[in-house]
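These notes concern the structure reproduced below.
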Amino acid sequence: MKILLIYCNPSPSPYPVYPLGMAVVAQALEQAGHAVLQYDLFSNDFNYEHLKATVQRETPGLVGISFRNLDNVNICSEVHYAQHLKGAVDAIRAVSTVKILLGGSGFSVMPERILEASGADYGIRGEAERAIVECVALLEQGKELPSRIMEERNPLDATGMLAPKYSDELLAAYQKGGGVVPLQTKRGCPHRCVYCTYPLLEGYVVRPRDPKDVVADIRRLQEKGVKQIFFTDSIFNDSFGHYKQLVAEMAKQEICVPWTGFFRPDTIEPEVLQQMKATGLSAIELGSDAASDTTLKEMGKHFRFADIEASQKIFMDAGITVSHYFMMGGPGETPETVEEGIQNILRLQGAASFLFLGIRILPGTPLERRALEEGVITPETDLFMPVYYFSPAISKAWLDERLLSAFKKNRHVIYPPNAMDSGLAFLHRLGYAGMSIDMLLRKK
């Protein structure tokens, strides 16, 4: 069967994100003998007329759409993305009766609601490599799927998690536009941060890919001219040490390419740190999340702010760029913790701190349960449109004003979180690529 895969992610901030999930699904379908075309709405400027022409020209037997984000999770400047998904479905419907199947992390967060809003036929929640091949086999036989929303019940192991089928055309487009190319080394997260959907989508058990397979992916990307890789694991430096095996394999095979990832503020062994730097580690994003010990505990974190500071020092002493992301106003926040958090963040000199106001409530998370208990939402609340949690002890308006006044003269603290978007867009247009914080804080 000829299958058209479409990536629907309109967000360029903080940098355009290459469609990794679509590339993995493309690999699974091609291995099953199907002809696959990968199409990206973002690099085609969300031109629905161009999409219509592509559908008419290619006449696919099935269209799959990967939907990455519901919205930009920024209450200071809200942008919703579901209308782009609906626009894509409507464009396809205008020229074809082909079945449309949805997937992706954004879809998987609330599949029933998004399937209804988009008008698509089917969807796959969570991992799709095996599920989509089974779905296509049924559709080829002229059968309906047993459910409008399919789900992989048996988590994939290292052999089931396939290497992405990167598109040369899309790689060129994303690198030209300042994007960073993602690669996944493992799935699953054992932690229980109150706001996070990673465990809901990938499970609590960490499932690593074979380090040799990951290194083979890196080699292919280097051959294609990729200049920077982002490891998209929920946490790169996992407590089980899988990351050490990968870094050791990278060092053994003499890999050296600029790379980065999400790190937990844990102590890194000096030998491993040197290996990471030798293989190209250039920047990290620390999962700091909260700015005081009180709010860290309420967020479900098992480290203190002192650990954040110590971790930053380790990386910065090694010449590695560090950025933090803080959600202010969450569980346990009070005027006192806000003031403590401001002083803590101001001490993080040399790194960048991105601040967000409130926390987007997503279905199935501990934060949703807390919001229900506190009356922030009711069982009837539709979370399809963004609803944010704020601690009952503070006022959103006061917090916004306090953060603006506290950080207006500090270059290394970015609030509101979209404050530098125009600068990033300008750099991308000039052809700069790489981590946003590297570009914005780079010394002349």
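Of the numbered conditions (1) without any contact (Cβ under 8 Å) to a residue 60 or more places away in the chain; (2) closer than 25 Å to residue 368 by Cβ; (3) open to solvent by 10 Å² or more (accessible area, probe 1.4 Å); (4) not in a helix (DSSP H, G or I), residue 297 fails exactly one; give the number of that condition. Single failed check for residue 297: (4). Kindly establish whether residue 247 is touching a residue at least 24 places away in the same chain (Cβ under 8 Å), of a type in the set (A, V, I, L, M, F, W, C) and under 21 Å from residue 24 (Cβ atoms). Judged against the criteria, residue 247 is not a match.
Condition check ((1) modelled with pLDDT of 95 or more; (2) assigned to a strand (DSSP E or B); (3) buried (at least 22 other Cβ atoms within 10 Å of the Cβ); (4) of a type in the set (A, V, I, L, M, F, W, C)) across all residues:
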{"position": "248", "(1), (2), (3), (4)": "yes, no, no, yes"}
{"position": "275", "(1), (2), (3), (4)": "yes, no, no, no"}
{"position": "291", "(1), (2), (3), (4)": "yes, no, yes, yes"}
{"position": "313", "(1), (2), (3), (4)": "yes, no, no, no"}
{"position": "331", "(1), (2), (3), (4)": "yes, no, yes, no"}
{"position": "339", "(1), (2), (3), (4)": "yes, no, no, no"}
{"position": "343", "(1), (2), (3), (4)": "yes, no, no, no"}
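Can you find even one residue in the stretch 47-68 that is under 16 Å from the mean Cα position of the chain (by Cα), under 30 Å from residue 417 (Cα atoms) and modelled with pLDDT under 95? Checked against the condition, which is being under 16 Å from the mean Cα position of the chain (by Cα), under 30 Å from residue 417 (Cα atoms) and modelled with pLDDT under 95, the stretch 47-68 yields at least one hit. Taking the stretch 319-329 as the range and being under 18 Å from residue 304 (Cα atoms) and either crowded, with 19+ Cβ neighbours inside 10 Å or not aromatic (Phe, Trp, Tyr) (or both) as the test, the residues that pass are 322, 323, 324, 326, 327, 328, 329. Applying the criterion of being touching a residue at least 60 places away in the same chain (Cβ under 8 Å) and part of a loop (DSSP other than H, G, I, E, B) to the residues of the stretch 114-148, the residue that is nearest to residue 201 (Cα to Cα) is 126.
Sub-8 Å Cβ pairs linking a first residue in the stretch 149-173 that is under 22 Å from residue 136 (Cβ atoms) to a second residue that is of a type in the set (Lys, Arg) and assigned to a loop (DSSP other than H, G, I, E, B), at least 6 apart or interchain, are 161/209; 166/224, ordered by first then second residue.
As a summary of the residue check, residue 281 satisfies the conditions (1) closer than 24 Å to residue 355 by Cβ; (2) crowded, with 19+ Cβ neighbours inside 10 Å except for the one numbered (1). Scan the stretch 103-141 for residues that are in contact with an Asp or Glu (Cβ under 7 Å, 6 or more places away or on another chain) and within 20 Å of residue 365 (Cβ to Cβ) and the total you get is 3. Screening 155, 182, 190, 146 for residues that are open to solvent by 30 Å² or more (accessible area, probe 1.4 Å) and touching a Phe, Trp or Tyr at 6+ places or on another chain (Cβ under 6 Å) leaves exactly one candidate, 190.
For every residue, the table says whether it meets (1) touching a Ser or Thr at 6+ places or on another chain (Cβ under 7 Å); (2) within 13 Å of residue 259 (Cα to Cα); (3) among the polar types (S, T, N, Q).
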| residue | (1), (2), (3) |
| --- | --- |
| 189 | yes, no, no |
| 210 | no, no, no |
| 215 | no, yes, no |
| 224 | no, no, no |
| 231 | yes, yes, no |
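Among the residues of the stretch 163-202, the one identified as part of a loop (DSSP other than H, G, I, E, B), among the aliphatic types (A, V, I, L, M) and in contact with a Pro (Cβ under 8 Å, 6 or more places away or on another chain) is 194. Just one of the listed residues (86, 165, 99) is open to solvent by 70 Å² or more (accessible area, probe 1.4 Å), over 21 Å from residue 230 (Cβ atoms) and in contact with a strand residue (DSSP E or B) (Cβ under 8 Å, 6 or more places away or on another chain), and it is 99.
Against the definition (buried (at least 19 other Cβ atoms within 10 Å of the Cβ), without any contact (Cβ under 8 Å) to a residue 12 or more places away in the chain and under 30 Å from residue 404 (Cβ atoms)), how does residue 286 come out, yes or no?
Judged against the criteria, residue 286 is not a match.
Scan the stretch 384-394 and give yes if some residue there is surrounded by 18 or more Cβ atoms within 10 Å (Cβ to Cβ) and assigned to a helix (DSSP H, G or I), otherwise no. No, the conditions are met nowhere in the stretch 384-394. Scanning the stretch 117-152 for residues that are more than 15 Å from residue 3 (Cβ to Cβ) and among the hydroxyl-bearing types (Ser, Thr, Tyr) returns 118, 147. Close contacts from the stretch 358-380, counting a first residue that is closer than 14 Å to residue 73 by Cβ and a second that is among the basic types (Lys, Arg), with Cβ to Cβ under 8 Å and a gap of 6+ residues or different chains, come to 358/396. Checking each residue in the stretch 88-104 for being out of contact with any helix residue (DSSP H, G or I) (no Cβ under 6 Å at 6 or more places or on another chain), under 21 Å from residue 11 (Cα atoms) and not in a strand (DSSP E or B) picks out 88, 90. Scanning the stretch 345-367 for residues that are among the aliphatic types (A, V, I, L, M), within 22 Å of residue 195 (Cβ to Cβ) and either open to solvent by 10 Å² or more (accessible area, probe 1.4 Å) or not in a loop (DSSP other than H, G, I, E, B) (or both) returns 345, 352, 355, 357, 359, 362, 367.
The values are calculated or read from the model by the stated rules, or taken from the named source; none is laboratory data. None of these values were measured; they are calculated from a predicted model. Please note: Cβ atoms are built from the backbone with ideal geometry, for glycine as well, and neighbour counts cover all protein chains shown. What goes into the accessible areas is simple: the full protein's heavy atoms, side chains included, and nothing from ligands, DNA or RNA. Shrake-Rupley method; radii C 1.70, N 1.55, O 1.52, S 1.80 Å.
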